[in-house]
1. Pick from Ala131, Ala171, Ala142: which is within 26 Å of Leu220 (Cβ to Cβ) and not charged (D, E, K, R)?
2. Being without any contact (Cβ under 8 Å) to a residue 12 or more places away in the chain and surrounded by 14 or more Cβ atoms within 10 Å (Cβ to Cβ) is the requirement here; does Glu147 meet it?
3. Run down Leu42, Leu21, Leu11 and say which single residue is more than 29 Å from Gly158 (Cβ to Cβ) and part of a helix (DSSP H, G or I).
4. Give region 169-208 a look and list any residue that's in a loop (DSSP other than H, G, I, E, B) and either assigned by TED's automatic domain parsing to the domain that holds Phe256 or within 24 Å of Ser259 (Cα to Cα) (or both), or say none.
5. Anything in region 37-54 that is more than 39 Å from the chain's Cα centre (by Cα), surrounded by 13 or more Cβ atoms within 10 Å (Cβ to Cβ) and not basic (Lys, Arg)? List them, or say none.
6. Of everything in region 1-16 that's of a type outside the set (D, E, K, R) and surrounded by 11 or more Cβ atoms within 10 Å (Cβ to Cβ), which residue is farthest from Arg160 (Cα to Cα)?
7. Assess whether Phe263 counts as being out of contact with any strand residue (DSSP E or B) (no Cβ under 8 Å at 6 or more places or on another chain) and either surrounded by 14 or more Cβ atoms within 10 Å (Cβ to Cβ) or touching a residue at least 60 places away in the same chain (Cβ under 8 Å) (or both).
8. Mind listing just one residue for me: the one in region 186-209 that is among the hydrophobic types (A, V, I, L, M, F, W, C) and at pLDDT below 80 and, of those, farthest from the chain's Cα centre (by Cα)?
Amino acid sequence: MRRIQARIEELKAKLAATQPLLAKAQELEERLKAVRAERTNLEDQQTRALTRANALLSERENLRLLLARREALLEELGRERASFPPLDRLPGTPRALQARLAQVERERAALGPVNALAERELMELETRLEAQVKEVQEATEALLRLEAEAKAVEKAYGERLEESYQVFQNAFQKYALALLGARAEVKREGQGLKLVVIPAGKRTQDLRLLSLGEKTLGALAFLFSLGELQGGLPLAVLDEVDAALDEANLVRFTRFLNSGKQFILVTHQKRTMEACHALYGVTAQGGVSRVFSIRKEASHDPK
C-alpha cells in the first residue's frame, strides 16, 4: 500500500510538473492569438496597399490616356493653328484655361505620395510573422506531447489501481473465509472502499454489528490482504489478538496459524499456545523475573 501511495504521489508530482507547461502553453496560445491578430492586421494593410496600388495603376493608365488625348488634341490644335494666321493669344478663354489648369492640379494631388519602402516593410513583417507562427507550432506540439504523456500516466495508474483492487479483493475473500468462515466482498464507494463481511449463519453485513471477536478476525483479514499488495507478509507480529475470540473463532485462528506464514504471538490463550512451535514465557520467582522457553519436538513413530 505504501508503494501504491508513493506511486500515486509520484504521479501527482508529475501531473503537478505539467502545470508550468500548461501555463506556458496558455501563454503561447495568447501569443498565438496576438500573432494571428497582427497577421490579420498586416493582411488588411496588404489588401489596402494592393487596392491602392491597383487604383494608382488604373489612375496612371487613365492619365496616360488623358495625356495621349491631350497630345492628340495638341497636335490637332497645332494643325488647326497652322492653318490660321499667326496669333499671340493662347487658344481658349482665360476662364476655360484656368478651370482646366485647376482640374489637372486636382488630379495630380489625388495621386498622393508614393511609399517606395512599402514592399520592403511588408517582406520584413512577413518574415517576423513566419518565425512567430513556427514558435507557436513548436509550443503546440510540445503541449500535445505533454497531454499524451499525462494520459499515458493516468492510464497506467488506472490499470495498476484496478490490478491492486482485484488482488486485494481476492485476498480479502480468502482470508475472511479462512479466519471467519465468512463470505466477503470489497465494494467501491466514492473515493474509498466498503468492506462487506457475512459470517456463516448470519445476515449481518455491517462490520459495526459483528461481535468483538469477529471484528478482530475481520481486521486481521484486512491487514493480511493489504500485505498481499506487497507480495505477502513474511512475518506477522500479533499482540493478544485472540483475547476476545470465542472457542469457534479460536479454532479458526489456530488453524490459520498453520497456513505456512511465520508468526510471533503475545497470548494468554491455551489453545493458541498449543498451536505454536515454540513458547517463551516470563515469570516472577522471589521477586526476580525468569525467562523460560518450551519448544515442541516432532514425534516420530519408532516403527
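The values are calculated or read from the model by the stated rules, or taken from the named source; none is laboratory data. Note that the coordinates shown come from a computational prediction; the quantities given were computed from them, not determined experimentally. With ideal geometry, Cβ positions are generated from the backbone for all residues, glycine too; neighbour counts draw on all protein chains shown.
1. Ala171
2. So Glu147 passes the test.
3. That would be Leu42, the only listed residue that is more than 29 Å from Gly158 (Cβ to Cβ) and part of a helix (DSSP H, G or I).
4. Gly181, Ala182, Pro199, Ala200
5. Across region 37-54, the qualifying residues are Gln45, Gln46, Ala49, Ala53.
6. Filtering first and then ranking leaves Leu15.
7. no
8. Ala200
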